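Heads up: the structure comes next, in C-alpha coordinates.
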Amino acid sequence: MDILKSLGHPEEIFNLFKFKMGGCRTVMPKLDYESMSESLRTCYLYLNQTSRSFAAVIQALDGELRHAVCIFYLVLRALDTVEDDMTIPLDKKVPMLNDFHTFLYQKEWCFTESQEKDRQVLADFPTISVEFRNLAQEYRDVISDICHRMGVGMAEFLEKKVGSMKEWDLYCHFVAGLVGVGLSQLFSASQLEDPEVGRDTELANSMGLFLQKTNIIRDYLEDTQVGRAFWPEEAWSQFAGRLEDLAEPEKLDLALSCLNLLVTDALRHVPDVIAYLSRLRNQSVFNFCAIPQVMAIATLSSCYNNPMLFQGVVKIRKGQAVTLMMEATSMSAVQTIISQYSQEILQKVSQTDPSRDKTLHILALIEEKSAVSQSSLPSRTHHLSPMYLSAAMLLAALSWQYLSTTAEHGHI
(Lines give C-alpha, C1' and ligand atoms only; values in the text may rest on other atoms or scores of the structure.)
Protein backbone atom coordinates (compact mmCIF):
# COMPACT_ATOMS: atom_id res chain seq x y z
CA MET A 1 0.00 0.00 0.00
CA ASP A 2 1.39 3.41 -0.99
CA ILE A 3 0.53 4.96 2.36
CA LEU A 4 2.72 2.51 4.30
CA LYS A 5 5.81 3.66 2.40
CA SER A 6 5.19 7.20 3.66
CA LEU A 7 4.68 6.38 7.35
CA GLY A 8 7.84 8.27 8.32
CA HIS A 9 6.72 11.30 6.30
CA PRO A 10 3.48 12.72 7.74
CA GLU A 11 3.26 15.50 5.14
CA GLU A 12 3.18 12.83 2.41
CA ILE A 13 0.29 11.00 4.10
CA PHE A 14 -1.61 14.27 4.39
CA ASN A 15 -0.97 15.08 0.72
CA LEU A 16 -1.90 11.57 -0.46
CA PHE A 17 -5.21 11.94 1.37
CA LYS A 18 -5.71 15.49 0.07
CA PHE A 19 -4.84 14.39 -3.48
CA LYS A 20 -7.33 11.51 -3.33
CA MET A 21 -10.05 13.84 -2.04
CA GLY A 22 -9.72 16.14 -5.05
CA GLY A 23 -6.47 18.01 -4.61
CA CYS A 24 -5.33 16.47 -7.89
CA ARG A 25 -7.66 18.89 -9.70
CA THR A 26 -5.43 21.82 -8.73
CA VAL A 27 -2.73 20.48 -11.05
CA MET A 28 -4.80 18.12 -13.24
CA PRO A 29 -8.18 19.70 -14.05
CA LYS A 30 -10.74 17.53 -15.85
CA LEU A 31 -10.98 17.97 -19.59
CA ASP A 32 -14.19 18.55 -21.50
CA TYR A 33 -14.08 15.49 -23.75
CA GLU A 34 -17.63 16.07 -24.98
CA SER A 35 -16.63 19.11 -27.01
CA MET A 36 -13.75 17.30 -28.75
CA SER A 37 -13.79 15.55 -32.11
CA GLU A 38 -13.67 11.77 -31.99
CA SER A 39 -10.10 11.72 -33.29
CA LEU A 40 -8.94 14.22 -30.66
CA ARG A 41 -10.60 12.18 -27.89
CA THR A 42 -8.72 9.15 -29.21
CA CYS A 43 -5.47 11.12 -29.06
CA TYR A 44 -6.03 11.89 -25.38
CA LEU A 45 -6.86 8.22 -24.82
CA TYR A 46 -3.49 7.27 -26.35
CA LEU A 47 -1.79 9.97 -24.28
CA ASN A 48 -3.14 8.47 -21.06
CA GLN A 49 -2.25 4.94 -22.19
CA THR A 50 1.35 5.76 -23.07
CA SER A 51 2.31 8.17 -20.27
CA ARG A 52 0.90 8.48 -16.78
CA SER A 53 3.22 11.25 -15.63
CA PHE A 54 3.32 13.48 -18.72
CA ALA A 55 -0.38 12.91 -19.46
CA ALA A 56 -1.28 14.60 -16.19
CA VAL A 57 0.72 17.78 -16.74
CA ILE A 58 -0.11 18.02 -20.46
CA GLN A 59 -3.84 17.97 -19.76
CA ALA A 60 -3.44 20.82 -17.29
CA LEU A 61 -2.04 23.23 -19.91
CA ASP A 62 -4.09 26.25 -20.90
CA GLY A 63 -6.06 26.68 -24.12
CA GLU A 64 -4.93 25.48 -27.54
CA LEU A 65 -1.40 24.83 -26.22
CA ARG A 66 -2.79 21.70 -24.53
CA HIS A 67 -3.78 20.09 -27.83
CA ALA A 68 -0.53 21.11 -29.53
CA VAL A 69 1.58 19.54 -26.79
CA CYS A 70 -0.61 16.42 -26.71
CA ILE A 71 -0.08 15.88 -30.45
CA PHE A 72 3.63 16.74 -30.13
CA TYR A 73 4.00 14.08 -27.44
CA LEU A 74 2.17 11.41 -29.48
CA VAL A 75 4.17 12.14 -32.65
CA LEU A 76 7.43 11.77 -30.71
CA ARG A 77 6.10 8.68 -28.91
CA ALA A 78 5.46 7.11 -32.33
CA LEU A 79 8.96 8.08 -33.49
CA ASP A 80 10.48 6.70 -30.28
CA THR A 81 8.54 3.45 -30.71
CA VAL A 82 10.19 2.96 -34.10
CA GLU A 83 13.62 3.57 -32.55
CA ASP A 84 12.98 1.15 -29.66
CA ASP A 85 11.58 -1.69 -31.79
CA MET A 86 14.42 -4.19 -32.14
CA THR A 87 12.36 -6.32 -34.57
CA ILE A 88 12.59 -3.69 -37.34
CA PRO A 89 15.72 -4.35 -39.45
CA LEU A 90 18.16 -1.45 -39.73
CA ASP A 91 17.79 -1.14 -43.50
CA LYS A 92 14.10 -0.41 -42.89
CA LYS A 93 14.38 1.49 -39.61
CA VAL A 94 16.96 4.10 -40.68
CA PRO A 95 14.86 5.45 -43.60
CA MET A 96 11.74 5.40 -41.38
CA LEU A 97 13.46 7.55 -38.75
CA ASN A 98 14.91 9.96 -41.32
CA ASP A 99 11.59 10.36 -43.15
CA PHE A 100 9.19 10.19 -40.20
CA HIS A 101 8.38 13.91 -40.28
CA THR A 102 6.99 13.49 -43.81
CA PHE A 103 4.41 10.95 -42.58
CA LEU A 104 2.68 13.81 -40.74
CA TYR A 105 1.33 14.99 -44.10
CA GLN A 106 0.51 11.52 -45.48
CA LYS A 107 -3.12 10.92 -44.49
CA GLU A 108 -3.06 7.14 -44.73
CA TRP A 109 0.44 6.35 -43.45
CA CYS A 110 0.60 3.84 -40.60
CA PHE A 111 2.87 1.01 -39.45
CA THR A 112 1.23 -2.19 -38.23
CA GLU A 113 4.27 -4.43 -37.81
CA SER A 114 5.65 -3.06 -34.55
CA GLN A 115 6.02 -5.37 -31.55
CA GLU A 116 6.50 -2.58 -28.99
CA LYS A 117 4.06 -1.95 -26.14
CA ASP A 118 3.05 1.45 -27.59
CA ARG A 119 2.56 0.08 -31.13
CA GLN A 120 -1.00 1.47 -31.23
CA VAL A 121 0.33 5.00 -31.89
CA LEU A 122 1.95 3.65 -35.07
CA ALA A 123 -0.93 1.39 -36.11
CA ASP A 124 -3.41 4.26 -35.77
CA PHE A 125 -1.06 7.06 -36.81
CA PRO A 126 -3.68 8.55 -39.20
CA THR A 127 -5.75 9.58 -36.15
CA ILE A 128 -2.74 11.44 -34.75
CA SER A 129 -1.65 12.95 -38.07
CA VAL A 130 -5.13 14.30 -38.85
CA GLU A 131 -5.13 16.18 -35.54
CA PHE A 132 -1.60 17.39 -36.29
CA ARG A 133 -2.88 18.88 -39.56
CA ASN A 134 -5.72 20.55 -37.63
CA LEU A 135 -3.22 22.54 -35.56
CA ALA A 136 -2.29 26.13 -36.38
CA GLN A 137 0.63 26.50 -38.82
CA GLU A 138 3.04 27.82 -36.18
CA TYR A 139 2.54 24.67 -34.09
CA ARG A 140 2.86 22.36 -37.10
CA ASP A 141 6.15 23.98 -38.15
CA VAL A 142 7.68 23.41 -34.72
CA ILE A 143 6.49 19.79 -34.41
CA SER A 144 7.59 18.84 -37.93
CA ASP A 145 11.03 20.43 -37.51
CA ILE A 146 11.74 18.76 -34.16
CA CYS A 147 10.45 15.41 -35.44
CA HIS A 148 12.83 15.67 -38.40
CA ARG A 149 15.87 16.57 -36.30
CA MET A 150 15.13 13.87 -33.72
CA GLY A 151 14.65 11.18 -36.36
CA VAL A 152 17.99 12.01 -38.00
CA GLY A 153 19.73 11.99 -34.61
CA MET A 154 18.17 8.68 -33.57
CA ALA A 155 19.26 7.10 -36.87
CA GLU A 156 22.81 8.32 -36.24
CA PHE A 157 23.02 6.49 -32.91
CA LEU A 158 21.43 3.23 -34.09
CA GLU A 159 24.74 1.80 -35.24
CA LYS A 160 27.08 3.30 -32.66
CA LYS A 161 27.22 3.15 -28.88
CA VAL A 162 27.35 6.15 -26.58
CA GLY A 163 31.11 6.46 -26.11
CA SER A 164 32.36 9.78 -24.77
CA MET A 165 30.63 12.09 -22.32
CA LYS A 166 30.19 14.53 -25.23
CA GLU A 167 28.39 11.80 -27.19
CA TRP A 168 26.18 11.20 -24.13
CA ASP A 169 25.22 14.87 -24.26
CA LEU A 170 24.60 14.61 -28.01
CA TYR A 171 22.45 11.46 -27.70
CA CYS A 172 20.41 13.04 -24.89
CA HIS A 173 20.06 16.18 -27.02
CA PHE A 174 18.56 14.19 -29.90
CA VAL A 175 16.09 12.22 -27.76
CA ALA A 176 15.21 14.79 -25.07
CA GLY A 177 16.98 18.14 -25.47
CA LEU A 178 15.15 18.71 -28.75
CA VAL A 179 11.89 17.99 -26.91
CA GLY A 180 12.74 20.84 -24.54
CA VAL A 181 13.54 23.09 -27.48
CA GLY A 182 10.30 22.18 -29.27
CA LEU A 183 8.15 22.65 -26.19
CA SER A 184 9.72 26.05 -25.53
CA GLN A 185 8.94 27.11 -29.09
CA LEU A 186 5.34 25.92 -28.65
CA PHE A 187 5.05 27.92 -25.41
CA SER A 188 6.19 31.06 -27.23
CA ALA A 189 4.02 30.33 -30.30
CA SER A 190 0.97 30.14 -28.02
CA GLN A 191 1.86 33.64 -26.69
CA LEU A 192 1.46 32.31 -23.16
CA GLU A 193 5.21 32.84 -22.75
CA ASP A 194 7.69 35.45 -23.93
CA PRO A 195 9.44 34.88 -27.31
CA GLU A 196 12.77 34.65 -25.46
CA VAL A 197 11.66 31.32 -23.91
CA GLY A 198 11.52 29.80 -27.39
CA ARG A 199 14.71 31.48 -28.61
CA ASP A 200 17.04 30.34 -25.79
CA THR A 201 17.73 26.83 -27.03
CA GLU A 202 20.63 26.26 -24.60
CA LEU A 203 18.46 26.48 -21.49
CA ALA A 204 15.67 24.49 -23.16
CA ASN A 205 18.17 21.77 -24.10
CA SER A 206 19.35 21.53 -20.49
CA MET A 207 15.77 20.94 -19.33
CA GLY A 208 15.58 17.87 -21.56
CA LEU A 209 19.09 16.62 -20.76
CA PHE A 210 18.45 16.71 -17.01
CA LEU A 211 15.33 14.53 -17.33
CA GLN A 212 16.88 12.12 -19.84
CA LYS A 213 20.09 11.60 -17.89
CA THR A 214 18.09 10.94 -14.74
CA ASN A 215 16.06 8.26 -16.53
CA ILE A 216 19.18 6.66 -18.04
CA ILE A 217 20.90 6.55 -14.65
CA ARG A 218 17.84 5.12 -12.89
CA ASP A 219 17.17 2.45 -15.54
CA TYR A 220 20.67 0.91 -15.51
CA LEU A 221 19.60 -2.63 -14.59
CA GLU A 222 16.48 -2.75 -16.77
CA ASP A 223 18.44 -1.54 -19.82
CA THR A 224 21.46 -3.83 -19.38
CA GLN A 225 19.24 -6.87 -18.87
CA VAL A 226 17.72 -6.40 -22.35
CA GLY A 227 21.01 -5.50 -24.01
CA ARG A 228 20.62 -1.72 -24.15
CA ALA A 229 23.60 0.45 -23.18
CA PHE A 230 23.05 4.15 -22.50
CA TRP A 231 25.66 4.79 -19.79
CA PRO A 232 28.64 6.39 -21.63
CA GLU A 233 31.66 4.14 -22.08
CA GLU A 234 34.02 6.96 -21.08
CA ALA A 235 32.47 6.78 -17.61
CA TRP A 236 31.92 3.06 -16.98
CA SER A 237 35.20 1.89 -18.60
CA GLN A 238 37.07 3.60 -15.74
CA PHE A 239 35.53 1.09 -13.34
CA ALA A 240 34.69 -2.12 -15.25
CA GLY A 241 35.57 -4.12 -18.34
CA ARG A 242 31.91 -4.37 -19.38
CA LEU A 243 28.95 -2.19 -18.45
CA GLU A 244 26.97 -5.14 -17.08
CA ASP A 245 29.88 -6.04 -14.76
CA LEU A 246 28.86 -3.13 -12.50
CA ALA A 247 25.94 -5.24 -11.27
CA GLU A 248 28.30 -7.86 -9.77
CA PRO A 249 28.29 -7.68 -5.93
CA GLU A 250 32.09 -7.74 -5.69
CA LYS A 251 32.29 -4.61 -7.87
CA LEU A 252 29.86 -2.57 -5.75
CA ASP A 253 32.36 0.10 -4.69
CA LEU A 254 33.45 0.66 -8.29
CA ALA A 255 29.82 0.66 -9.46
CA LEU A 256 28.91 3.33 -6.92
CA SER A 257 31.84 5.47 -8.07
CA CYS A 258 30.57 5.26 -11.65
CA LEU A 259 27.01 5.99 -10.56
CA ASN A 260 28.08 9.06 -8.57
CA LEU A 261 30.12 10.34 -11.50
CA LEU A 262 27.05 10.24 -13.75
CA VAL A 263 24.74 11.78 -11.14
CA THR A 264 27.25 14.62 -10.75
CA ASP A 265 27.26 15.13 -14.52
CA ALA A 266 23.46 15.27 -14.56
CA LEU A 267 23.41 17.78 -11.70
CA ARG A 268 25.41 20.31 -13.74
CA HIS A 269 22.20 21.04 -15.70
CA VAL A 270 20.29 22.15 -12.58
CA PRO A 271 21.47 25.82 -12.65
CA ASP A 272 20.10 26.05 -16.21
CA VAL A 273 16.84 24.44 -15.04
CA ILE A 274 16.49 27.13 -12.36
CA ALA A 275 17.25 29.89 -14.89
CA TYR A 276 14.71 28.48 -17.37
CA LEU A 277 11.90 28.10 -14.83
CA SER A 278 12.47 31.61 -13.49
CA ARG A 279 11.50 33.02 -16.93
CA LEU A 280 8.08 31.37 -17.09
CA ARG A 281 4.99 33.48 -16.39
CA ASN A 282 1.98 31.27 -17.20
CA GLN A 283 0.97 29.08 -14.24
CA SER A 284 -0.01 26.03 -16.30
CA VAL A 285 3.25 26.16 -18.27
CA PHE A 286 5.23 26.58 -15.05
CA ASN A 287 3.57 23.52 -13.46
CA PHE A 288 4.11 21.53 -16.66
CA CYS A 289 7.84 22.29 -16.64
CA ALA A 290 8.58 22.36 -12.92
CA ILE A 291 6.91 19.12 -11.79
CA PRO A 292 9.06 16.73 -13.90
CA GLN A 293 12.22 18.64 -12.92
CA VAL A 294 11.65 18.40 -9.16
CA MET A 295 10.72 14.71 -9.58
CA ALA A 296 14.04 14.26 -11.40
CA ILE A 297 16.17 15.80 -8.65
CA ALA A 298 14.26 13.75 -6.06
CA THR A 299 15.02 10.63 -8.13
CA LEU A 300 18.72 11.55 -8.43
CA SER A 301 18.87 12.01 -4.67
CA SER A 302 17.43 8.50 -4.25
CA CYS A 303 19.89 7.08 -6.79
CA TYR A 304 23.06 8.77 -5.55
CA ASN A 305 25.43 6.29 -3.86
CA ASN A 306 22.57 3.78 -3.65
CA PRO A 307 23.57 0.07 -4.02
CA MET A 308 19.93 -0.81 -4.79
CA LEU A 309 20.23 0.76 -8.24
CA PHE A 310 22.29 -2.26 -9.31
CA GLN A 311 19.68 -4.70 -7.99
CA GLY A 312 16.44 -3.12 -9.21
CA VAL A 313 14.74 0.14 -10.15
CA VAL A 314 15.02 2.97 -7.62
CA LYS A 315 11.77 4.94 -7.45
CA ILE A 316 10.52 7.80 -5.33
CA ARG A 317 7.51 7.10 -3.10
CA LYS A 318 4.06 7.84 -4.49
CA GLY A 319 3.42 10.09 -1.49
CA GLN A 320 6.66 11.89 -2.29
CA ALA A 321 5.60 12.34 -5.93
CA VAL A 322 2.16 13.67 -4.94
CA THR A 323 3.74 16.08 -2.48
CA LEU A 324 6.10 17.39 -5.16
CA MET A 325 3.21 17.80 -7.62
CA MET A 326 1.21 19.81 -5.14
CA GLU A 327 4.11 21.95 -3.90
CA ALA A 328 6.02 22.79 -7.11
CA THR A 329 3.71 25.60 -8.19
CA SER A 330 5.93 28.66 -7.62
CA MET A 331 9.55 29.54 -8.27
CA SER A 332 10.35 30.02 -4.59
CA ALA A 333 8.86 26.62 -3.73
CA VAL A 334 10.82 24.94 -6.53
CA GLN A 335 14.04 26.57 -5.34
CA THR A 336 13.37 25.29 -1.84
CA ILE A 337 12.72 21.74 -3.10
CA ILE A 338 15.88 21.76 -5.22
CA SER A 339 17.91 23.08 -2.29
CA GLN A 340 16.58 20.39 0.04
CA TYR A 341 17.36 17.51 -2.33
CA SER A 342 20.82 18.90 -3.12
CA GLN A 343 21.43 18.97 0.63
CA GLU A 344 20.31 15.33 0.82
CA ILE A 345 22.87 14.42 -1.83
CA LEU A 346 25.52 16.44 -0.01
CA GLN A 347 25.00 14.33 3.12
CA LYS A 348 25.74 11.17 1.11
CA VAL A 349 29.00 12.32 -0.51
CA SER A 350 31.80 9.97 0.59
CA GLN A 351 35.25 11.19 1.57
CA THR A 352 36.75 8.62 -0.81
CA ASP A 353 34.48 9.09 -3.85
CA PRO A 354 36.59 9.92 -6.96
CA SER A 355 34.04 12.56 -8.07
CA ARG A 356 33.81 14.15 -4.62
CA ASP A 357 35.35 17.53 -5.56
CA LYS A 358 33.19 17.91 -8.70
CA THR A 359 30.09 16.86 -6.77
CA LEU A 360 30.73 19.37 -3.99
CA HIS A 361 31.39 22.12 -6.54
CA ILE A 362 28.13 21.63 -8.46
CA LEU A 363 26.12 21.24 -5.24
CA ALA A 364 27.52 24.54 -3.98
CA LEU A 365 26.57 26.20 -7.27
CA ILE A 366 23.06 24.74 -7.09
CA GLU A 367 22.72 25.99 -3.53
CA GLU A 368 23.76 29.47 -4.64
CA LYS A 369 21.29 29.48 -7.56
CA SER A 370 18.44 28.11 -5.47
CA ALA A 371 18.98 30.49 -2.54
CA VAL A 372 15.69 32.05 -1.46
CA SER A 373 14.42 33.71 1.66
CA GLN A 374 13.59 30.64 3.71
CA SER A 375 11.79 32.70 6.34
CA SER A 376 9.11 33.66 3.82
CA LEU A 377 8.36 30.06 2.83
CA PRO A 378 6.26 27.49 4.66
CA SER A 379 8.32 24.74 6.24
CA ARG A 380 7.99 21.23 4.84
CA THR A 381 8.75 19.80 8.30
CA HIS A 382 5.69 19.22 10.46
CA HIS A 383 6.12 19.25 14.23
CA LEU A 384 3.34 17.05 15.59
CA SER A 385 3.00 15.27 18.92
CA PRO A 386 3.43 11.46 18.73
CA MET A 387 -0.17 10.86 19.88
CA TYR A 388 -1.64 13.30 17.33
CA LEU A 389 0.59 11.92 14.62
CA SER A 390 -0.42 8.32 15.33
CA ALA A 391 -4.11 9.22 15.30
CA ALA A 392 -3.72 11.20 12.06
CA MET A 393 -1.88 8.31 10.42
CA LEU A 394 -4.54 5.81 11.48
CA LEU A 395 -7.35 8.06 10.24
CA ALA A 396 -5.55 8.69 6.95
CA ALA A 397 -4.87 4.97 6.45
CA LEU A 398 -8.49 4.01 7.10
CA SER A 399 -9.76 6.81 4.88
CA TRP A 400 -7.36 5.87 2.10
CA GLN A 401 -8.45 2.23 2.28
CA TYR A 402 -12.11 3.26 2.11
CA LEU A 403 -11.55 5.61 -0.83
CA SER A 404 -9.47 3.03 -2.69
CA THR A 405 -12.25 0.47 -2.55
CA THR A 406 -15.18 2.79 -3.32
CA ALA A 407 -13.84 5.38 -5.77
CA GLU A 408 -12.35 5.19 -9.21
CA HIS A 409 -8.55 5.02 -9.15
CA GLY A 410 -6.68 7.95 -10.72
CA HIS A 411 -3.11 7.63 -12.04
CA ILE A 412 -0.07 9.80 -11.58
Checklist line | Unique residue being in contact (Cβ under 8 Å) with a residue 24 or more places away in the chain, out of contact with any Asp or Glu (no Cβ under 9 Å at 6 or more places or on another chain) and closer than 28 Å to residue 224 by Cβ when the list is 311, 320, 340, 335 | finding: 311
Notebook entry, point to check: With respect to the numbered conditions (1) of a type outside the set (A, V, I, L, M, F, W, C); (2) under 22 Å from residue 278 (Cβ atoms); (3) in a loop (DSSP other than H, G, I, E, B), which one is the sole condition not fulfilled by residue 301?
Noted result: (3)
Item checked: Count of the range 78-109 residues which are buried (at least 19 other Cβ atoms within 10 Å of the Cβ) and either among the aromatic types (Phe, Trp, Tyr) or under 15 Å from residue 131 (Cα atoms) (or both) -> 5
Checklist line | The one condition in (1) within 21 Å of residue 348 (Cβ to Cβ); (2) at pLDDT 95 or above that residue 219 fails to fulfil | finding: (2)
Check: Consider residue 324 against the criteria (1) under 19 Å from the mean Cα position of the chain (by Cα); (2) more than 20 Å from residue 56 (Cβ to Cβ); (3) buried (at least 17 other Cβ atoms within 10 Å of the Cβ): it satisfies all of them except one. Which criterion is unmet?
Finding: (2)
Margin query: So, restricting to helices (runs of 4 or more DSSP H) that lie completely within the range 25-142, which ones have at least 3 residues that are under 30 Å from residue 327 (Cα atoms) and modelled with pLDDT of 90 or more?
Written below: 38-50, 63-84
Notebook entry, point to check: Any idea which of (1) in a helix (DSSP H, G or I); (2) at pLDDT below 80; (3) under 25 Å from the mean Cα position of the chain (by Cα) is the one residue 393 doesn't satisfy?
Noted result: (3)
Check: Is it true that residue 184 is among the hydroxyl-bearing types (Ser, Thr, Tyr), out of contact with any helix residue (DSSP H, G or I) (no Cβ under 7 Å at 6 or more places or on another chain) and modelled with pLDDT of 95 or more?
Finding: no
Next item on the list: Test residue 313 against the criterion of being more than 30 Å from residue 195 (Cβ to Cβ) and either at pLDDT below 95 or assigned by TED's automatic domain parsing to the domain that holds residue 190 (or both), and give yes or no.
Entry: yes
Check: surrounded by 18 or more Cβ atoms within 10 Å (Cβ to Cβ), closer than 20 Å to residue 98 by Cα and within 24 Å of the chain's Cα centre (by Cα): does that describe residue 152?
Finding: no
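Okay, residues lined up against (1) modelled with pLDDT under 95; (2) of a type in the set (S, T, N, Q); (3) within 21 Å of residue 280 (Cβ to Cβ):
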| residue | (1), (2), (3) |
| --- | --- |
| 347 | no, yes, no |
| 360 | no, no, no |
| 366 | no, no, yes |
| 371 | yes, no, yes |
| 380 | yes, no, no |
Margin query: Can you go through 228, 242 and tell me which one is over 20 Å from the mean Cα position of the chain (by Cα), closer than 20 Å to residue 160 by Cα and among the basic types (Lys, Arg)?
Written below: 242
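The values are calculated or read from the model by the stated rules, or taken from the named source; none is laboratory data. Treat the numbers as computed from the prediction; the structure is a model and nothing was measured. Heads up, the Cβs are rebuilt from the backbone with ideal geometry, glycines too, and the neighbour counts pull from every protein chain shown.
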